[in-house]
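A.B. asks: Structure in structure tokens, see below.
The values are calculated or read from the model by the stated rules, or taken from the named source; none is laboratory data. These numbers were taken from a predicted model, which means no experiment stands behind them. When we count neighbours, we look across all protein chains shown, and the Cβ atoms used for this are built from the backbone with ideal geometry, even at glycine. Surface accessibility is based on the protein's heavy atoms, side chains included, excluding ligands, DNA and RNA. Shrake-Rupley method; radii C 1.70, N 1.55, O 1.52, S 1.80 Å.
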Amino acid sequence: MDEPVTAKVVGDWLGVSDRTISDLAIRGLAVRIGRGKYDLHRTVQLYSKHLREVAAARGGEGQILDLTAERARLAKEQADGQELKNKQARGELLLAPDVAREWIDIQRRVRGGVLAVTSRVRARLPHLTPADAVEIDSEIRLALEALSNDDRDDAPDGDGGPAAATPA
């Protein structure tokens with residue numbers, strides 16, 4: 001075994017400060033064998049190994065675990081992406097623009113059907129006056145307008161909303 005040396009001597013060999021040698025000892029990268037005394041040979045070996053690991057982008061156990069976790073996360077994301085593509089190919093998944101387009105078509109058909117209610121009721125109930133038909137049509141349009149607003153509080157609900165505001 002070599003003679004113990006001071007932190008200054010080890011620091012001179014490694015090109016770092018005395019304080020850095022103390023920090024390296026805390027991290028297990030310098031071998032302290034007594035108060036302010038270090039094993040030069042073993043410390044140089046440990047420090048050199050550490051520098052090789054850092055240079056090889058392994059950087060020690062913590063960084064290896066981080067790299068492994070990142071690779072696992074990437075693999076999962078790639079698998080999830082492939083799963084979505086497969087579901088879409090099988091018709092189990094719809095694209096948002098296709099769904100939006102279909103809902104717009106449904107809303108147009110519903111609106112057209114609802115607006116035709118007044119004329120259908122008037123044809124079945126000939127005793128309705130033109131004023132009654134205008135009132136029914138007005139209420140239907142008010143209800144459709146309220147439903148088309150983003151503010152959900154305006155939707156007719158039978159509790160004094162726009163459709164219930166007009167006395168019958």
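A.B. asks: Full extension from E145 to A69: what is 0.36 nm times the residue separation minus their Cα-Cα distance, to one decimal in nm?
C.D. replies: Here the segment from E145 to A69 would lengthen by 22.1 nm.
A.B. asks: May I pose another question? Which residues' amide hydrogens lie under 5 Å from the amide hydrogen of I33, considering only partners 5 or more residues apart or on another chain, with H built in the peptide plane?
C.D. replies: Y38, D39
A.B. asks: A follow-up question, please. Over region 1-132, with every protein chain in place, what whole percent of the accessible area is carbon and sulfur at 1.4 Å, could you tell me?
C.D. replies: 57
A.B. asks: Using only Cα positions of region 69-138, each an equal point scatterer, no hydration layer, compute I(q)/I(0) via Debye at q = 0.13, 0.23, 0.24 Å⁻¹ and quote the log10 values to two decimals.
C.D. replies: The computed values of log10 I(q)/I(0) come out as -0.62, -0.96, -0.99.
A.B. asks: Which percent of Cα-Cα pairs in region 13-154 sits in each 10 Å bin, short to long?
C.D. replies: P(r) for region 13-154, in whole percents per bin: 9, 17, 12, 10, 9, 9, 10, 9, 7, 5, 3, 0.
A.B. asks: Another one. If all Cα-Cα distances of region 112-151 are sorted into 10 Å bins from 0 onward, what percent lands in each bin, rounded to whole numbers?
C.D. replies: For region 112-151, the binned pair fractions read 29, 48, 18, 4 percent.
A.B. asks: Quick one: if you stick a label point 7 Å off each Cα along the C-beta vector at A131 and I33, how many nm between them?
C.D. replies: 11.4
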